[in-house]
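Encoded as structure tokens, the structure appears first; notes follow it.
The values are calculated or read from the model by the stated rules, or taken from the named source; none is laboratory data. For clarity, every value in this text was computed on a predicted model and none was experimentally measured. Cβ coordinates were reconstructed from backbone atoms using ideal geometry, including for glycine residues, and neighbour counts include every protein chain displayed. Calculation scope for accessible area: heavy atoms of the full protein, side chains included, ligands and nucleic acids excluded. Shrake-Rupley method; radii C 1.70, N 1.55, O 1.52, S 1.80 Å.
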Amino acid sequence: EEAVQLDPENTSLYLNIGVMYKNEDNIEEAIKNFEKVIELDPTNSNAYNNIGATILDKTKPIQEEMNKSLSDFDKYDKLLNQQKGVYKEALPYYEKAFELDNSNVSVVQILVGIYENLEMTDKLKDMKAVYETLK
């Protein structure tokens with residue numbers, strides 16, 4: 001953060017700080033730093049990818065609770081809807097990352113998974129075709 005004060009236009013610094021906050025599960029601060037990267041460089045696909053990944057981290061406790069609730073169908077369905085909400089929240093960031101860099105295989109794989117989970121069959125089909133050309 002001291003380096004940012006010395007070089008406040010350096011997007012790499014904000015990206016690295018965001019990753020550090022993400023690794024500490026500080027979602028709010030991580031996203032704030034990734035958004036600063038986008039503010040300085042709207043074409044930085046890594047920032048969009050990292051926001052998407054940070055948002056997807058919210059699914060971890062939901063998934064753990066789902067695994068504990070396999071016999072409680074109502075609770076499981078409620079958790080599944082929460083999980084889909086997180087996917088919907090992350091989706092535009094991954095789509096923007098793909099728009100800016102359509103050769104990033106990991107972004108394509110994540111989009112395949114999100115489209116599959118959200119039952120977006122047309123987009124899933126298209127993204128699977130992209131994946132086949134990249135792998």
Condition check for Glu89: within 13 Å of the chain's Cα centre (by Cα), modelled with pLDDT of 95 or more and assigned to a helix (DSSP H, G or I): yes
Of everything in segment 96-107, what is polar (S, T, N, Q), part of a helix (DSSP H, G or I) and surrounded by 13 or more Cβ atoms within 10 Å (Cβ to Cβ)? Give them in sequence order. none
Hits in segment 108-134 (condition: exposed (fewer than 14 other Cβ atoms within 10 Å of the Cβ) and β-branched (Val, Ile, Thr)): Thr121, Thr133
Condition check for Lys84: part of a helix (DSSP H, G or I) and surrounded by fewer than 17 Cβ atoms within 10 Å (Cβ to Cβ): yes
Just the residues that are open to solvent by 40 Å² or more (accessible area, probe 1.4 Å) and outside any helix (DSSP H, G or I), please, taken from segment 14-44. Glu24, Asp25, Asn26, Asp41, Pro42, Thr43
Kindly evaluate Asn67 against the criterion of being closer than 21 Å to Tyr14 by Cβ and not basic (Lys, Arg). no
Against the definition (at pLDDT 95 or above, more than 18 Å from Leu100 (Cβ to Cβ) and surrounded by 20 or more Cβ atoms within 10 Å (Cβ to Cβ)), how does Ala47 come out, yes or no? no
For segment 50-72, give me each residue that is touching a residue at least 12 places away in the same chain (Cβ under 8 Å), open to solvent by 60 Å² or more (accessible area, probe 1.4 Å) and not in a helix (DSSP H, G or I). Lys58
